[in-house]
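The values are calculated or read from the model by the stated rules, or taken from the named source; none is laboratory data. From a predicted model like this one, the values you see are computed outputs, not experimental measurements. Because the Cβ atoms are built from the backbone with ideal geometry, glycine has one as well, and the counts that use them run over all protein chains shown. What goes into the accessible areas is simple: the full protein's heavy atoms, side chains included, and nothing from ligands, DNA or RNA. Shrake-Rupley method; radii C 1.70, N 1.55, O 1.52, S 1.80 Å.
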Amino acid sequence: MDFMDLIEMPRVDNVKVYRQIQNYELNQLVTQKLFGSLNLTSHHLIFITQTDLQKPREEIWIVHSSIDSLEKNVTEAKFQLMIKCKNFQIYFVDFPTAYCCNSIHKSLESLSNLTTENMKLPFFCQTISKINQEDWNFYSIEKSYKRFFPNEDSSEWRISEINNDFKISPSYPKKVIVPKNIDDQALIKSSQFRSMGRFPILSYYHKKTNSFILRSGQPLLGSSNKRCKEDELILKCALPKGKQGYVYDLRDASILKTAVSKGGGYETEVNYPLWKRINKHMDRFDQLHISYSKLIDACINSSTQFFYKLDTSAWFYNIRQALYLSFLIADEIHNKNGCFLIHGWDGLDNTLLISSLAQILLDPESRTLDGFIDLIEKEWLHAGHPFSKRYFKSAFGTTPQKQEGPVFVLFLDCVRQLCEQFCLSFEFNEDFLIMLFDNLYTSEYGTFLGNNQNEREQLLVSSRTVSLWTYVKNEENIKKFINPLYKINDDVIWPSIFTQSLSLWSNLFLRFQINSKPNDEAKKEIVKLVETNLQVKIKVEKLRNELLELQKEAIDAGVLNSENY
Amino acid sequence: MNQNDINDDVPKVPTRTHLKTNLNNRINAQNLQQTKILSITSDKCTLENAADMAAKKALGTAKLGSIPSLNTHHNTDLDQFRNLSISSTGSGDVHKEMNTVPIIQPSQIITSSISKPKHSQNIIPKLIEGEKLVSTSEFSNLTSTDIVFVLPDNRGVSGKLCLTNFRLYFRSDEYYSNVLRGTSHYLVIDLPLGLVHRIEKIGHLSSKQNNFYGIFIYCKNGRKLIFAISARNKQDKSRKVIYDLLHKHAFPLSNNLSFFAFSYKQRFPDETGWFVYDCKKEYERIGVTTKTNDWRFSSVNQDFKLCDTYPKILVVPASVKDEELKQIAEFRSKHRIPVLSWLKFDNRKNHVALLRSSQPLCGITQKRSEKDENYLFKIFKLNTINSLDKLYIMDARPVVNAYANRTTGGGHESEDNYKDCEINFLNIHNIHVMRESLRKIFDMSLPSVSQYTSNQPIMPSNTLSSNSSSHAQNQANNRLETDDDKNFLLNLENSKWLSHIRSVLNGALKVVKYINSYSSSVLVHCSDGWDRTAQLTSLSMIMMDKYYRTLKGFEVLIEKEWLSFGHRFGIRMGHGSSDHANQDRSPIFLQFIDCVWQLMQQNSKVFEFNERLLITIVNNMYTCQFGTFLYNNEFERDKYDVRNKTVSLWSYVNSYKNEFKNSSYIEYDGVVECSTSMSSLQLWTSYYFQYKEVIDDSSLVDLPNELNESQKQANSQVKMTNYNMNTPILTSKLFGSSSFFHQMVSQMKATVRSYNSPQSNALQSGTVQESELIRYKAVSAHDANN
């Protein structure tokens, strides 16, 4: 199939476009009306305003994959198409005839819903910058291992290459960290016992207390109550003496029976005597998608009962729950001697959310820019979070398969809540998180393509597309993402998780409703201040030294009495 | 949180707080048969606990570093704690010993540091000028007895109580460490008595139930304090003594005493507070008699004969004689005739007027007053810019209320009789609605774990643990925690507070629109013209006139529109009165300040003053420390000679101007507006939840040290001279509020300023000043020459 087959009408003239934009002079939002022509290319919908002597020509580029939903409103007098984008921007396009409206609608409908990975934008954007292999290999499991266990010999853990051909677990990376005295055969046995072959692997090791977080898929007990000696052995061997193990099951206790009847299950106390099971409810990704849609709806129609709508969206409940659960883990790991195995259903969504949030609380490294990228690579990309499926549609749309679920958006929002509460402890800033959000749904970079490492390798992503980190690491860009107030904080951070301490991410969810100018100015101001502060300090230091020298000189020369100073 | 979670089969190592409560519950159970078993478990628990604490403290002290004295204190604490807990397992003595403290159950006493009080002498706060200890022999006996302050989550902290004619002061016997912050403090409750809304005795001595015996203090700012009082026997009158004394000094008006402001004799560097507002000067600044002669000063109210709630000097159209004013007054509620508040001039010196009054007394019979109609017509004619237009009357009330007021003799101007007027209803609700709305906001308080009393400051009460013995208590905690917090947004919606804020702001924006965009004169009134009217005129004046956005201008605005025009502060705040159920109390002025805060959030650069000023004003409005907000109008303030006998709040504010200045202020000539969509309005948590301490302050550790230092220095300066309301630096940020952000910026600016100043702080700390440096340079140059 070629793109050109999908494009019936490459160009339509006499089109009106309405959109909300910031008017910087009036300092408020205005509806902008533009008149011009619409052009359809393989990846973009380009609107160009008519040439006018008074106004410069304006262009609006909309990537097809950024279109979330299309609504056609064709009446006798009006041929309108409403384009809702994944970044919450909404355009209204008035066409001159019903025919072109229908034609464009049809083309966009298919262009914005392309499922073939090979036809996606990143494969056509290799020229934006040079493909840099280093950025594709920015994360490696060896690096994590070294960080967790500086001294390899005394460590109880090893890197296993059992999944090298993605046969054991298609959603796992090639290499995983497992207990040292478990051989690969046991891992294979265990993988057969775990959902999607996701046997327990090490996610985080807390050096200060020698506690750790493991994650996996649910055990496949089934109604026949199967057990797997090797799986039990892994958990038994992993747990050092004097530690208490907890299986953190992110499902409500009430649905465990259903899980068992569907072939899944939970770790029974009889078979895992050293581990205690804790059931904590997290909304599943499909419920989260509904929550997300309601949230965005509340933000767009905020005139009446705004807080009521926010409440019913349950988005804050989800943030609070996610922070709360990771808080409990961090507390147990840092202050007591708990070790954790986290899983939900398949261990693809909430499991990763909780384990990565707990790491942000516990690990100062993950609060740096590089560390955070590492964390995303390790806990989301390499851990097999199905990015292609989950972020195919955003708040306005769904697919019949209902595989959407903004778990990573929830993660970004949680991180932002933390950034807000600990505004000096994070090296990156809110803009970085918003940039991640934007690239999550539609991107020129290949990082978030595919559902796991296996798929990415098959697509040859690393040799055919540019990594998002190449963009981030660019000297020009990196400045935008650095928090000027950052100061290394080596401690664990303990956030407040009450709803009243949480805030709506207005710079993202209300990005087309609120005026962002004051905020931008404040940010600039801070950067400026930090710089002056630094320079002044240097100056003072210099003066002080000069003073001391002069004092010494004066005393030596006998001009000053040393007793006085 | 799912309620099922609690019932899970996952009892495990509970968190620290629960260990303590569990331990105590067990001791409390006092079941002798169980003592042996318990002794083992509790012993184990405490040891774990102690080890844990040691680790925590090590962390704390590592951060403290420079304060070795505190470290030793910690250690002794820990040792004593260990000794005590081990000994407690031996016999049942502990129960007896603990029971002598208060009637409240030992399970509810915090045991993070059980060591005995080291100083049994009285604790006395640093008194301010004119503050005296309330000394009766009975009370001073009491101050050496233990009083237990009960935290919102029903745990207790024992300490000493002290009462002065200005404040209630409580200090815990022990240090409570905030490990995350690396500090330790006494838990101090420092409550100016002016804030007391209501005092209640709770519990009975005879009651065998698990009740508190003590007093419950409701504060006007939503704070709720419970003190459990120890009573050895039924004859013990301690509670009565405390209650009576507290009642006497908290409600001076009801007890025929004078306000504390009359005893407060603090001197300030700047003592011109009472002269901030000069009526004539201010109107001349606006342009009356200087830019136009259409308006004149009238001294018809010189002795408050025309209207006892209006100021002495009124500004009226030059063409209207004093005699006519008297006749018009007959037709206006409380004789509050339409008078000038503000003038807007255009380039050609034509002007538009903003006026205020009370409702006309139309009544059911739809009475008319030709004088009043003529008067408004004359005012309308003065508008020379837009003479084709109308005079707009903004009735702040909802239409229904305006109609309903006819039955009590009031009403509104009808457009039939007032030919050149158009009436608009702004749909702002009355004082009772606002009072109830704010009460709901205060009810949203959380039983947060205080930062001082827990090693785990941010942990909500329900944790992984579930234990049958403390199950009931856990459930209570859970209910408090989850309901309040889970329904936070719903409660916020239901309180309607932000909707009310929105309607007030919308009203003011409408006034601004008519005056500024349509160049039409506007008359604002509600029923009596001292609540909603004052809100609307003052807000619209802030939006239109940059002078009112400066520190001085804001003071003038409050003096003018609120104090001189008779907003009934005394009655609305209930100064010194024990009649807490009085229906005339209402937070109208607070609502105005909230609206200003909303404006500030959206236009951070155009205000010369900062949030701290707003909080200072609101706090001091209740405390009766300064005379500014005492009584209801100028007439009463004159009667009691407030100007000469008390200190003005503005003397204090103007003496420490830098504290209240916005570091990013840029003068702006234009009209300041704000978005009133619900998503842009915010809850002013830094005021309403100032005592909830919800956000973990450990983020304060984050602050660069030197910034923190300069802040502290600044704070201590304020504390020396004024009772500091303990405004938290970091407050929870709801929906994008950026108070902390701004705090950071101003702190940074302060450091930059201090470094840049000629007598740099930094150089001072290097023992020598810059001038001396120059001298050295000269000296060394001289040496070199030789």
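Per-structure values
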item: Residue among A:K280, A:K276 that is at the interface with another protein chain (Cβ under 8 Å from one of its Cβ atoms), crowded, with 19+ Cβ neighbours inside 10 Å, free of Cβ contacts under 8 Å to residues at least 60 places away in the same chain and more than 21 Å from A:R227 (Cβ to Cβ); result: A:K280
item: Set B:R336, B:R356: member being surrounded by fewer than 24 Cβ atoms within 10 Å (Cβ to Cβ), modelled with pLDDT of 90 or more and of a type in the set (K, R); result: B:R336
item: Considering residues of the stretch B:486-529 that are outside any helix (DSSP H, G or I) and within 14 Å of chain A (Cβ to nearest Cβ) only, the residue least open to solvent (accessible area, probe 1.4 Å); result: B:N487
item: Some residue of the stretch A:471-489 being at pLDDT below 85 and under 29 Å from A:I296 (Cα atoms); result: no
item: Scope the stretch A:242-293; condition under 16 Å from A:G347 (Cβ atoms) and touching a His at 6+ places or on another chain (Cβ under 6 Å); matching residues; result: none
item: Unique residue being away from chain B (no Cβ under 12 Å), crowded, with 24+ Cβ neighbours inside 10 Å, outside any loop (DSSP other than H, G, I, E, B) and in contact (Cβ under 8 Å) with a residue 60 or more places away in the chain when the list is A:L341, A:L310, A:L295; result: A:L341
item: Answer residue from the stretch A:510-536, given it is in a loop (DSSP other than H, G, I, E, B) and more than 9 Å from chain B (Cβ to nearest Cβ) and is nearest to the chain's Cα centre (by Cα) among those; result: A:R511
item: Check on B:S677, outside any helix (DSSP H, G or I), free of Cβ contacts under 8 Å to residues at least 24 places away in the same chain and more than 24 Å from B:D531 (Cβ to Cβ); result: yes
item: Among the residues listed as A:N271, A:N318, A:N335, the single one being in contact (Cβ under 8 Å) with a residue 12 or more places away in the chain and either surrounded by 23 or more Cβ atoms within 10 Å (Cβ to Cβ) or at the interface with chain B (Cβ under 8 Å from one of its Cβ atoms) (or both); result: A:N318
item: Residue in the stretch A:52-59 that is modelled with pLDDT under 90, within 28 Å of A:F123 (Cβ to Cβ) and either open to solvent by 80 Å² or more (accessible area, probe 1.4 Å) or away from every other protein chain (no Cβ under 14 Å) (or both) present; result: yes
item: Scan of the stretch A:451-460 for residues that are part of a loop (DSSP other than H, G, I, E, B) and closer than 25 Å to A:I360 by Cα, ordered by number; result: A:N451, A:N452
item: The one condition in (1) within 11 Å of another protein chain (Cβ to nearest Cβ); (2) under 17 Å from the mean Cα position of the chain (by Cα); (3) of a type in the set (D, E) that A:D370 fails to fulfil; result: (1)
item: Given (1) surrounded by fewer than 22 Cβ atoms within 10 Å (Cβ to Cβ); (2) away from chain B (no Cβ under 14 Å), index of the condition A:K208 fails; result: (2)
item: Cross-chain or 6+ apart pairs with Cβ under 7 Å, the stretch A:180-206 first and without any contact (Cβ under 8 Å) to a residue 40 or more places away in the chain, then part of a helix (DSSP H, G or I) and open to solvent by 50 Å² or more (accessible area, probe 1.4 Å); result: none
item: Subset of the stretch A:464-507 [of a type in the set (V, I, T) and either within 11 Å of chain B (Cβ to nearest Cβ) or under 18 Å from the mean Cα position of the chain (by Cα) (or both)]; result: A:T470, A:V472, A:I478, A:I482, A:I488, A:V492, A:I493, A:I497, A:T499
item: Matching residues, the stretch B:641-681, being closer than 27 Å to A:E525 by Cα and of a type in the set (D, E, K, R); result: B:K657, B:E659, B:K661, B:E667, B:D669, B:E673
item: Scan of the stretch B:636-670 for residues that are crowded, with 18+ Cβ neighbours inside 10 Å and among the β-branched types (V, I, T), ordered by number; result: B:V642, B:T646, B:V647, B:V653
item: Which listed residue, of A:I182, A:I159, A:I141, is among the β-branched types (V, I, T) and open to solvent by 40 Å² or more (accessible area, probe 1.4 Å); result: A:I159
item: Matching residues, the stretch A:276-292, being in a loop (DSSP other than H, G, I, E, B) and over 17 Å from the mean Cα position of the chain (by Cα); result: A:K280, A:H281, A:M282, A:D283
item: Pairs, first touching a residue at least 60 places away in the same chain (Cβ under 8 Å) in the stretch A:233-256, second surrounded by 16 or more Cβ atoms within 10 Å (Cβ to Cβ) and part of a helix (DSSP H, G or I), C-beta under 6 Å, six or more apart; result: A:L250/A:N350
item: Tally, over the stretch A:395-444, of residues that are at pLDDT 90 or above, assigned to a loop (DSSP other than H, G, I, E, B) and within 14 Å of chain B (Cβ to nearest Cβ); result: 3
item: Test for A:V559: is it without any contact (Cβ under 8 Å) to a residue 24 or more places away in the chain, facing chain B (nearest Cβ under 8 Å), open to solvent by less than 20 Å² (accessible area, probe 1.4 Å) and in contact with a helix residue (DSSP H, G or I) (Cβ under 7 Å, 6 or more places away or on another chain); result: no
item: Complete set of residues in the stretch A:237-260 that are crowded, with 17+ Cβ neighbours inside 10 Å and assigned to a helix (DSSP H, G or I); result: A:A238, A:A253, A:L256, A:A259, A:V260
item: Matching residues, the stretch B:298-324, being out of contact with any Asp or Glu (no Cβ under 9 Å at 6 or more places or on another chain), buried (at least 17 other Cβ atoms within 10 Å of the Cβ) and not β-branched (V, I, T); result: B:C307, B:L314, B:E324
item: A:D370 vs. criteria under 18 Å from A:T351 (Cα atoms) and in a helix (DSSP H, G or I); result: no
